Amino acid sequence: MLKLLFTFLCVVGLTFYSHSQTIHLQVNTMKDSLLSSKQFTLNSFNAAEAELKLKIDSLKRIGYPFLELDQKITDKKLLATIRLNQKIDSLYIGINEKDLIYIPKTIKIDGQKIGLAYQNIELFQKTIIEELKAQGLSFGKSFLTDLEFKKGHALNANLVIESGLKRRIDKINIKGYESLPKNYISYFTGLKIGSEFIESRLQQKTEKLDNIPFISVKKPTEVLFKKDSTELFLYLEKFNSNTFDGFLGFGSNENSDFELNGYLNMVLLNNLNFGERLGIIYKNDGSGQQTFEGNIELPFVFSSPVSLGADLRIFRRDSAFSNSSQTVELKYYLNEKLNLKGTAEFTNSTSLESENLDSVSDIENYKSSFYGIGAEFLKFGPRQLFGVNTFVRLNLSLGNRKTKNNTDQYKLTINGQHQIKINYRNKLYLNLNSQILISNNLLNNELFRFGGVNSIRGFGENSLLASRFAVLQTEYRYILDTNLYANTVIDVGNYENKLNNINENILGYGVGIGLKSKAGVFNLIIANSVSNVQESNFSNTRIHINFTSFF
């Protein structure tokens, strides 16, 4: 067998200067009586040794596992001779039956043997270690034994896998936000005391905490392995996520008179470190309609994946009617993004004495109750200027309305929102809002009221009445600067009012701009509207001003 001879001659010029020394590395390669030589200039003796080690490791990886190294060190020289011995091109590995579960599925197994090119052995063993970790065996090992030469530059070997014991999470330590309820860790990440510790999934699970709007992950989770226990250290920070936003709307009414309307929305989130949510909404559309709404949600009651919510909504149309609705909601979280819910809604509507609507007979006192089921998908967006939450909400309710007679009714609500990132500067925002009320007969004071900045821009707040409607808000958003963007407004919709035999297509269009500052986010939108019975007219132009503050 032809033996290759690599001679590494490190000639060290020990000429001492005040700040440095120069080392010359000469590599002599002998193969088939042919001699080639290369020279390198290095800046330290350690660098010469490191270069030698790199060469040895490289030779072993390409098929020379049995090479021999002789070293001779003098005052001024390092002489290294490497005898390569037999080259190995392929490896045939025997595997115990109990260890087959740790072999990657991408590798073909013939009985209980695997054939590999020798240069792939390092990757093969690495994938085994990764598979062991994926199965909770963090300290598993694999190595080859019983090496034996075969003909044709091949080698037989046996694979030994020491799986070790499975690790389980014994303790979770929270650093930085110690008052965070442990329920959020367990239900949103799946990291629970007693659960299997799988290293490859740890960071992925921890990052799910960023889906919680009042938590910020400061750095990767660390693990402390003890002889008989495993501890996690999560580095979290409380993120202030209370919001206050409002808008003013300017426009003209049907008589071309100046009209002013407004809206206030405040959300208090996690101020008691319980994850609770309290919301208050007040809306005055400037045409005799006022809305007040208060809601609260208590998450993970009794340390369970169940959240309890309640909502009170009061709507008043001056000199016409007043509606008061109470809703109770029970959510069950399947994971950090998806929940199922059950709802109960009770409404009491009162006709006011000084009625001044055209169709007086369509307003009556009534009481209604609806019981429904639904589902919600929610993924929080990044905390930045264009951060948008992605959600889909679906709710189906069956109910009964009591007037002089009882009437069975059905209600379906679908809401969704998503932002498509085209590139860094260009984004497309989509928002869908749809509701339908199915009933044999309808009353004016139970119809849906929509229109305005939170439904279809260019129309007055709550100026449209419908028994069924669907509105798609769209915005093309262009980022001008880190804290400044411009956007188009194109809102399309259709609604039906069976009470007045109306079925109409509607369109809102315009432009807007947004500015972020330390105080909050300022939005300005100028929009107009078109419908089947309304042409585009400058007098229909509406200006919507919105400001959102975070505290």
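Against the main long axis of the alpha-carbon atoms of the chain, helix 121-134 sits at an angle near 40°.
Rounded to the nearest Hz, the phi-derived 3J(HN,Hα) couplings of the stretch 315-323 under the Karplus curve 6.51 cos²θ - 1.76 cosθ + 1.60 (θ = phi - 60°) are 10, 10, 10, 3, 6, 10, 7, 9, 10, where x marks glycine and proline. Under a 5 Å amide H cut-off, with hydrogens placed 1.01 Å from N, Arg167 pairs with Ser138, Phe197 among residues at least 5 apart or on other chains.
Positive end of the dipole of the chain (Cβ unit charges, origin at the Cα centre): among Gly275, Phe547, Leu308, the Cα lying farthest that way belongs to Gly275.
Which pairs in the list Lys341/Lys411; Lys141/Lys166; Lys379/Lys411; Lys55/Lys87 are over 18 Å apart, alpha-carbon to alpha-carbon? Over 18 Å Cα-Cα: Lys379/Lys411. Annotation: peptides 413-419, 149-155, ranked by per-residue average of other Cβ atoms within 10 Å with the highest first, follow the order 413-419, 149-155.
Annotation: aspartates and glutamates with alpha-carbon distance below 16 angstrom to Lys331 (same-chain offsets under eight excluded): Glu276, Glu297, Asp311, Glu345, Glu376.
Rounded to the nearest whole Hz, the Karplus-based 3J(HN,Hα) values (6.51 cos²θ - 1.76 cosθ + 1.60, θ = phi - 60°) of the stretch 138-145 follow the sequence 5, 10, x, 10, 9, 7, 9, 10, with x at glycine and proline. All C-alpha pair distances within the stretch 171-238, sorted into 5 Å bins from zero, spread as 3, 17, 33, 29, 13, 5, 1, 0 percent across the bins. Its DSSP H runs of at least 4 residues, each contributing -39,500 (n - 2.57), put the calculated 222 nm mean residue ellipticity of the chain at -2500 deg cm²/dmol, to the nearest 500.
Axis of helix 45-61 versus longest Cα principal axis of the chain: the two differ by about 80°, to the nearest ten degrees. Looking at the square roots a ≥ b ≥ c of the eigenvalues of the Cα gyration tensor of the stretch 243-550, which shape do they give, rounded for a/c under 1.5, prolate if a/b is larger than b/c, or oblate? In terms of gyration-tensor shape, oblate.
With 21 Å as the limit on Cα-Cα distance, the pairs of Lys60/Lys98; Lys175/Lys219; Lys105/Lys226; Lys192/Lys337; Lys133/Lys238; Lys53/Lys151 that go past it are Lys60/Lys98; Lys105/Lys226; Lys133/Lys238; Lys53/Lys151. If you sort the three axes of the alpha carbon gyration tensor as a ≥ b ≥ c, you get a/c of 1.5 or more for the stretch 90-162 and a/b above b/c, which makes it prolate. A simple charge model with +1 on the Cβ of Lys and Arg, -1 on the Cβ of Asp and Glu and nothing else charged puts the dipole of the stretch 90-162 at about 160 debye relative to its Cα centre.
Each reported figure results from applying straightforward, stated rules to the coordinates on display, with no laboratory input. Just so we're clear, the structure is a prediction, and the values are computed from it rather than from any experiment. With ideal geometry, Cβ positions are generated from the backbone for all residues, glycine too; neighbour counts draw on all protein chains shown.
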